[in-house]
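The values are calculated or read from the model by the stated rules, or taken from the named source; none is laboratory data. None of the values given here were measured: they were computed from a predicted structure. Here the Cβ positions follow ideal geometry from the backbone for every residue, glycine too, while neighbour counts run over all protein chains shown.
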Amino acid sequence: MRHFLEKEGFKVNLSILEWGTYMSAFKSGNFDIVIGQWIGFTGPDMLKYAFYSKNIPPVGGNRISYNNPEFDKVIDEATVETNGVKRTNFTNRPKRLLIAIMLISIYGILISFGLAAIA
């Protein structure tokens with residue numbers, strides 16, 4: 001990843017941190033780019049923690065300040081649903097919303113770097 005970013009003109013200062021320092025920087029938003037992975041944390045509860053508009057730090061884990069009332073509504077429904085099939089369906093809806101936002105964001109980044117064109 002460092003090579004790709006430097007090739008595109010970014011100055012990369014790579015830091016490998018011990019866990020406590022990493023979490024402190026991560027929770028406070030003291031980074032430009034961070035690589036992490038969710039392990040063993042799935043379903044609507046994870047999505048609510050990471051993307052719910054009322055979970056922006058220091059309250060929760062929405063470190064990108066994602067705010068989408070439609071997403072919040074669906075996550076609220078999913079986190080109280082007790083039927084497993086319905087809960088999965090509720091969880092799939094916000095995932096599709098997030099994917100759409102990510103694709104739009106990636107396309108915007110590509111355009112800003114002249115790597116894609118607006119048709």
Report task. Say whether the condition of being in a loop (DSSP other than H, G, I, E, B) and either surrounded by 12 or more Cβ atoms within 10 Å (Cβ to Cβ) or of a type in the set (Val, Ile, Thr) (or both) is met by at least one residue in the range 79-96. Result -> yes
Query raised in the report: Out of curiosity, is Val80 more than 14 Å from Leu98 (Cβ to Cβ), of a type in the set (A, V, I, L, M) and modelled with pLDDT of 85 or more?
Result: yes
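Residue by residue, here is whether (1) over 24 Å from Trp19 (Cβ atoms); (2) part of a loop (DSSP other than H, G, I, E, B); (3) of a type in the set (Asp, Glu); (4) modelled with pLDDT of 75 or more holds:
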site	(1), (2), (3), (4)
Gln37	no, yes, no, no
Pro44	yes, no, no, yes
Asn62	no, yes, no, yes
Tyr66	yes, yes, no, yes
